[in-house]
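S.K.: I have a structure here, written as structure tokens, and I will follow up with some questions on it.
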Amino acid sequence: MDHLKIIKDIRNGKYAPLYLLHGTESFYIDEIVKVAEEEILDEAQKAFNFTMVYGKDADSESLGNALRRYPMMAPYQLIILKEAQDMRTLKDLEPYAANPNPTTIFFIAHKYKKLDGRSALIKQIKKHGIVYESKALRDYQMSQWISEYIQSHGYKATHQITALIAESLGTDLSKVSNELEKLFINLPSGTTITKEIVQAQIGISKDYNVFELNKALAYMDVVKANRIINYFIANPKSNPFILVNGMLFKFFSEVYMTHYAKGQGDQAVAKILGLPYHGFVKDYREACRNYSLSKTQNILSMIATYDLKSKGYQNVSTENGELLREMVFKILH
């Protein structure tokens, strides 16, 4: 079951007695807990039937007693265990999970890591309630996630803009959503988010970003590429090697696919590459003219090698910035 189905069921009054929300991505866990807090009980019912407990302050005996209480002047009581990863005796809730109180709705929010699915606690919650694992998104999934988030709030953005936001903000969904919410405050509903808006509100450089680097490499613009690399080296927190390297690998993988799409029209190539507009294909065709298929294969292999070097493999002293400069030099020459 995904988080949207859980949220929909809660809003429709369809509850389970037990919810275990765990995993490496805290954003979805927080979203579900927020909806549970807001929707299950009204304000009058909360006065006697809502309990919030934090893992570092919780013990299984006291919590177990609270869970077995009956609600007052309400059909349910709601108990939320936040930061459950800090509760040392969490596993001791297994007897309660085996026989939950049908008039208690109990949420366990265990963030930042997943629990062992073989544990007795999870097995019992699966029998009597809902277990949801919140998984962190990969780099390549972020642009699509941002696009859907923007659309769900009544705004529009091109693939290029969502990719630019993803490149700048990374994969922390809470951070990304907070930045987007700040951006929405100043925009009328229905606005198309442009590069200028993103640069002004989120602080992304207009001239020094990985998309401009990709374009400089595609057209073999040595001066511009070196200027961007110097900016990246001077601003490593905004342009971490792992992110830049990953985006370069993605770009040259798409150049590689464009080689094999030779003879097809721009619209067909755009569809193969997942581009929202066929006008973007010209940059890939230019890259194909400047980098043969074998050269592109070598570049992909080289990018993978430099990824290992950045993690210390066969490299004990070279800084990531210098690795990036060296790699880009080899791409261009």
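S.K.: When the stretch 293-333 is examined, which residues are found to be of a type in the set (A, V, I, L, M), surrounded by 12 or more Cβ atoms within 10 Å (Cβ to Cβ) and more than 28 Å from the chain's Cα centre (by Cα)?
M.R.: Selection gives LEU293, ILE331, LEU332.
S.K.: I'd like the residue in the stretch 102-115 that is more than 28 Å from ASN49 (Cβ to Cβ) and among the charged types (D, E, K, R) and, out of all such residues, is surrounded by the most Cβ atoms within 10 Å (Cβ to Cβ).
M.R.: Only one residue fits best here, namely LYS114.
S.K.: Still on this structure, please answer the following. How many residues does the stretch 226-239 hold that are under 21 Å from the mean Cα position of the chain (by Cα) and in contact (Cβ under 8 Å) with a residue 24 or more places away in the chain?
M.R.: Selection size over the stretch 226-239: 3.
S.K.: Restricting attention to the stretch 295-323, which residues are modelled with pLDDT of 95 or more and under 23 Å from VAL223 (Cα atoms)?
M.R.: LYS295, THR296, ASN298, ILE299, LEU300, MET302, ILE303
S.K.: Tell me yes or no: at least one residue of the stretch 74-86 is touching a Ser or Thr at 6+ places or on another chain (Cβ under 8 Å), in contact (Cβ under 8 Å) with a residue 60 or more places away in the chain and under 29 Å from LEU4 (Cβ atoms).
M.R.: yes
S.K.: Tell me which residues, restricted to the stretch 148-191, are surrounded by fewer than 17 Cβ atoms within 10 Å (Cβ to Cβ), outside any helix (DSSP H, G or I) and either out of contact with any Lys or Arg (no Cβ under 8 Å at 6 or more places or on another chain) or in the same structural domain as ASN214 (by TED's automatic domain parsing) (or both).
M.R.: Those that are surrounded by fewer than 17 Cβ atoms within 10 Å (Cβ to Cβ), outside any helix (DSSP H, G or I) and either out of contact with any Lys or Arg (no Cβ under 8 Å at 6 or more places or on another chain) or in the same structural domain as ASN214 (by TED's automatic domain parsing) (or both): HIS153, GLY154, LYS156, GLY170, ASP172, ASN186, LEU187, PRO188, SER189.
S.K.: Suppose we keep only residues that are part of a helix (DSSP H, G or I) and out of contact with any helix residue (DSSP H, G or I) (no Cβ under 6 Å at 6 or more places or on another chain) within the stretch 4-25. Which one would you say is modelled with the lowest pLDDT?
M.R.: Looking at the filtered set, the residue picked out is LEU4.
S.K.: Of everything in the stretch 201-211 that's part of a helix (DSSP H, G or I) and of a type in the set (A, V, I, L, M), which residue is farthest from PHE329 (Cα to Cα)?
M.R.: Here the residue is ILE202.
S.K.: For the stretch 281-292, which positions are under 26 Å from ASN320 (Cα atoms) and either assigned to a helix (DSSP H, G or I) or within 30 Å of the chain's Cα centre (by Cα) (or both)?
M.R.: Passing the criteria: only ALA287.
S.K.: Can you name the residue in the stretch 116-139 that is surrounded by 14 or more Cβ atoms within 10 Å (Cβ to Cβ) and modelled with pLDDT under 95 and, of all such residues, is nearest to the chain's Cα centre (by Cα)?
M.R.: Filtering first and then ranking leaves LEU137.
S.K.: Follow-up question, since we're still on this one. Restricting attention to the stretch 254-280, report how many residues are more than 15 Å from PHE211 (Cβ to Cβ), assigned to a helix (DSSP H, G or I) and not charged (D, E, K, R).
M.R.: Qualifying residue count for the region: 11.
S.K.: Looking at the stretch 146-186 only, could you name the residues that are at pLDDT below 90 and farther than 24 Å from SER26 by Cβ?
M.R.: Answer for the stretch 146-186, where residues must be at pLDDT below 90 and farther than 24 Å from SER26 by Cβ: THR158, HIS159, GLN160, ILE161, LEU164, ASN186.
S.K.: If I ask for residues that are under 17 Å from LEU332 (Cβ atoms), surrounded by fewer than 19 Cβ atoms within 10 Å (Cβ to Cβ) and of a type in the set (Val, Ile, Thr), which ones from the stretch 212-263 would you list?
M.R.: Across the stretch 212-263, the qualifying residues are VAL222, VAL223, ILE233.
The values are calculated or read from the model by the stated rules, or taken from the named source; none is laboratory data. Owing to the predicted nature of the structure, the values given are computational and were not obtained by experimental measurement. We place every Cβ from the backbone using ideal geometry, glycine too, and count neighbours over all the protein chains shown.
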